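The structure appears right after this line, and notes come after that.
Taken together, the values in this text are just the output of simple stated rules run on the coordinates, not laboratory data. Keep in mind the model is a prediction, meaning the values are calculated, not measured. Cβ atoms come from the backbone with ideal geometry, glycine included; neighbour counts cover every protein chain shown.
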């Protein structure tokens, strides 16, 4: 039996496994080595991308992004990555704890900038994203606005 990777797959047999009936959901922090590796301690961006390519051919893959201070301004990159790789994307998770990483704790000026940025994403991706993902982006704006 081969080693189990961070996706929970046996590396020796994963390529032979028929996963077409299954959905695989993977949580991640952001696109690119800098953001991804800073949020996911010990993870490697290149390994993550290689696993996406490997698993995407075996199963339907969904990515869940937890929105936080360290990735709020890279959501456009995250959306592009999901579109480019034909992946389902959920932006429904907003980090609350630890408090210092929450977007609710952004300074007022950064919060305004984040609201403008996310509103621009809603406008820019109107024809490229499903209604659910657009609604999730609008909820991020509402969260930022309600957090003072």
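General observations
- Label point distance in nm, residue 128-residue 62, each placed 7 Å from Cα along Cα→Cβ: 2.2
- Förster radius 22 Å - calculated FRET efficiency between residue 146 and residue 70 (Cβ-Cβ, nearest 0.05): 0.55
- The label-point distance for residue 49 and residue 96, in a model that sets each label 7 Å from Cα toward Cβ, rounds to 3.5 nm.
- With R₀ set to 25 Å, the beta-carbon distance separating residue 110 from residue 83 gives a calculated FRET efficiency near 0.40.
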